[in-house]
Amino acid sequence: MNTDLSGLDPFARQAAERRVRAWQYAPRLRHGQFVSHESAVALRGGPLPLVWTVTDEGDDAPADGLALPVHISTLGDGAVVRAAGVRGHRADPRFARALETSGIQIASSPTMWAQLGAWNIIDLVALGDFLCRVHRPGYGRLEAGRSPFTTIDELRATVAAGRWGHVRRLREALDLIREDSWSPRESRLRLHIIFAGMPEPLLNHDVYDDHGRFVGCVDLAYPDRKIAIEYHGVLHSRQYAADVERIAALRAAGWTVIEVTSASRTDVVLARIRHALRG
């Protein structure tokens with residue numbers, strides 16, 4: 001397993017460190033025990049909220065993921081794990097499920113999601129979007145047809161079947177999960193738009209010109225208003241060049257394109273979207 005985590009952004013680095021910790025603990029799992037909660041999310045490659053700490057100088061900084069606890073759940077009456085660096089939980093076998101993945105017992109996707117009701121609504125929905133994404137066919141969609149980790153119906157059934165913490169928040173999040181979000185940043189931006197009282201945009205909308213030629217797929221869109229919202233992550237030069245050409249083509253086709261980066265202030269972005277909608 002490659003444990004060189006240099007060069008990763010804080011979210012990716014902390015998630016990778018959590019993954020290392022879960023793999024390190026895995027050989028110690030006993031019958032009826034499984035990796036759960038945030039540790040299971042890390043193993044599945046899902047989006048995790050960043051955990052912060054205070055440095056010796058009094059500054060806020062992302063916590064060392066290797067120092068964060070591994071979450072281990074025990075089904076039924078078995079002994080809950082109590083050890084340094086481990087946070088043990090008890091899981092009810094009537095509605096909690098674990099699956100073997102790459103030789104490790106991990107909480108099923110619905111169980112894992114339902115265990116995280118203490119998260120805020122935006123992080124819960126971002127994880128739900130990741131788990132329920134339908135990989136539909138289309139231009140540039142290399143994973144078309146790949147099965148989602150779970151479905152909204154399966155999440156809803158799991159929440160309804162058992163006693164979960166913060167169940168009201170889980171139910172609220174269920175109604176906000178969508179099947180076509182390609183990244184947690186898209187999910188979070190969509191929710192900020194909704195919570196600001198604006199109409200919900202479509203996700204990853206394919207745009208065609210008046211002659212039926214494909215122009216591009218936009219992250220979030222109001223097709224009837226020809227408004228596109230594009231989130232730019234960390235790009236290499238070839239991807240950046242392709243995005244420049246695509247956005248130019250969208251504008252030539254009469255679309256208003258609002259570009260967003262990780263440095264963009266949410267309130268400023270929302271103001272731009274609101275202004276464009278009022279157009």
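The C-beta contact set for the range 84-111 (first residue charged (D, E, K, R), second residue assigned to a loop (DSSP other than H, G, I, E, B) and surrounded by 13 or more Cβ atoms within 10 Å (Cβ to Cβ), distance under 9 angstrom, 6+ apart or interchain) comprises ARG87/PRO69; ARG87/VAL81; ARG90/GLY78; ARG90/VAL80; ASP92/GLY162; ARG94/GLY162; ARG97/SER108. Of the helices (runs of 4 or more DSSP H) lying entirely inside the range 184-279, those containing at least 2 residues that are small (Gly, Ala, Ser) and free of Cβ contacts under 8 Å to residues at least 60 places away in the same chain span 237-252, 266-278.
Run down ALA160, ALA173 and say which single residue is under 27 Å from PHE95 (Cα atoms), free of Cβ contacts under 8 Å to residues at least 12 places away in the same chain and not in a loop (DSSP other than H, G, I, E, B). Explain how you work it out, then say what you get.
Details: ALA173 fails: free of Cβ contacts under 8 Å to residues at least 12 places away in the same chain.
None of the others qualify; the one that does is ALA160.
Across the range 32-60, the number of residues qualifying as buried (at least 20 other Cβ atoms within 10 Å of the Cβ), assigned to a strand (DSSP E or B) and either at pLDDT below 95 or not aliphatic (A, V, I, L, M) (or both) comes to 2.
I want to confirm something. Restricting to the range 61-76 and keeping residues that are of a type in the set (A, V, I, L, M, F, W, C) and assigned to a strand (DSSP E or B), which single residue is nearest to the chain's Cα centre (by Cα)? Spell out how you get there, then give the answer.
Just the residues of the range 61-76 that are of a type in the set (A, V, I, L, M, F, W, C), to begin with: 61, 63, 66-68, 70, 72, 75.
Checking the rest, the ones that are also assigned to a strand (DSSP E or B) come to 61, 70, 72, 75.
On the way: ALA61: 21, VAL70: 20, ILE72: 21, LEU75: 26 Å.
Within the range 61-76, the match that is nearest to the chain's Cα centre (by Cα) is VAL70.
Taking the stated definitions as given, is PRO93 assigned to a loop (DSSP other than H, G, I, E, B), assigned by TED's automatic domain parsing to the domain that holds VAL20 and surrounded by 18 or more Cβ atoms within 10 Å (Cβ to Cβ)? No, not satisfied.
The values are calculated or read from the model by the stated rules, or taken from the named source; none is laboratory data. Given the structure is predicted, the values throughout are model-derived calculations rather than measurements. Here the Cβ is made from the backbone with ideal geometry for all residues, glycine too, and neighbour counts use every protein chain on show.
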